[in-house]
Amino acid sequence: MPRLVYVLNGPNLNLLGTREPQVYGAQTLADVQRLCEAACARHGLGLVFQQSNHEGALIDWIHEAGREHAAGRLAGVVLNAGAYTHTSIALPDAIKGTGVPLLELHISNVFAREAFRHHSWISPAARAVVCGLGVAGYALAIDALAQW
Ligand code: CA2
């Protein structure tokens with residue numbers, strides 16, 4: 001039974017590749033999923049890839065990952081919480097509450113953008129942060145947590 005990687009994507013990331021290519025690139029979320037599948041296959045890891053526009057769904061998947069973690073089957077979680085990064089208290093509560101090893105990911109360099117994107121409620125609960133590497137960051141994130 002391979003260890004699992006959860007890649008969780010938050011609000012509006014289903015629109016990837018359809019608008020704002022200068023910020024987020026031209027690849028779609030389906031392209032990102034294929035890239036994650038390839039990265040996981042290289043490391044012999046299983047992949048659970050999800051996207052939701054609803055905060056509660058993301059929390060439910062973090063809880064699910066927490067149960068896998070408790071059973072010793074989780075390599076880690078990659079979370080791009082989208083704009084919930086800058087607003088949600090419930091997401092870091094879920095990360096801390098479950099104890100999942102989690103890497104926070106952003107496609108864009110949030111620090112080169114509007115001031116309201118400079119603060120993350122998730123970073124204090126994350127083990128690592130990848131930011132500004134485009135969608136290639138997802139594969140690099142999986143390479144990193146394969147070593148956790
Ligand atoms: O850079 C990132 O990955 C972000 O997490 C993306 C979020 C943004 O709110 C964060 O500040 C940084 C937004 C995701 C929206 O994605 C879209 C993609 C294409 C078209 C429209 C939105």
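For the chain, modelled as a GNM whose springs connect Cα atoms under 10 angstrom apart, the maximal fluctuation among Ala75, Ala94, Ala136 occurs at Ala136. Relative contact order, whole percent, for region 1-72 stands at 44, derived from Cα pairs under 8 Å and 6 or more residues apart.
For region 4-147, what is the charge dipole size about the Cα centre, in debye to the nearest 20, if Lys and Arg each add +1 at the Cβ and Asp and Glu each add -1 at the Cβ? Don't skip to the answer; put the middle values down first.
Values: 9 positive and 11 negative charges, 37 e Å.
Dipole size: approximately 180 debye.
Which net charge results when you count Lys and Arg as +1 and Asp and Glu as -1 among the other residues whose beta-carbon is under 13 Å from that of Gly132? That works out to +1. Over the chain, DSSP H runs of length four or greater, each weighted -39,500 (n - 2.57), average out per residue to a 222 nm ellipticity of -11000 deg cm²/dmol. For Cys131, the residues 5 or more places off, or on other chains, whose built amide H falls under 5 Å of its own are His106. For the chain, the share of DSSP beta bridges that are antiparallel, to the nearest 5, is 0%.
Summing +1 for each Lys or Arg and -1 for each Asp or Glu among the other residues whose beta-carbon sits under 14 angstrom from that of His43 gives 0.
Output needed for the chain: three equivalent-ellipsoid semi-axes, defined as square roots of 5 times the C-alpha gyration tensor eigenvalues, in descending order, whole Å.
Numbers: eigenvalues 97, 67, 34 Å².
Those come to 22, 18, 13 Å.
None of the figures in this text is laboratory data; all of them are computed from the coordinates on show. Computed from a predicted structure; not experimentally measured. Please note: Cβ atoms are built from the backbone with ideal geometry, for glycine as well, and neighbour counts cover all protein chains shown.
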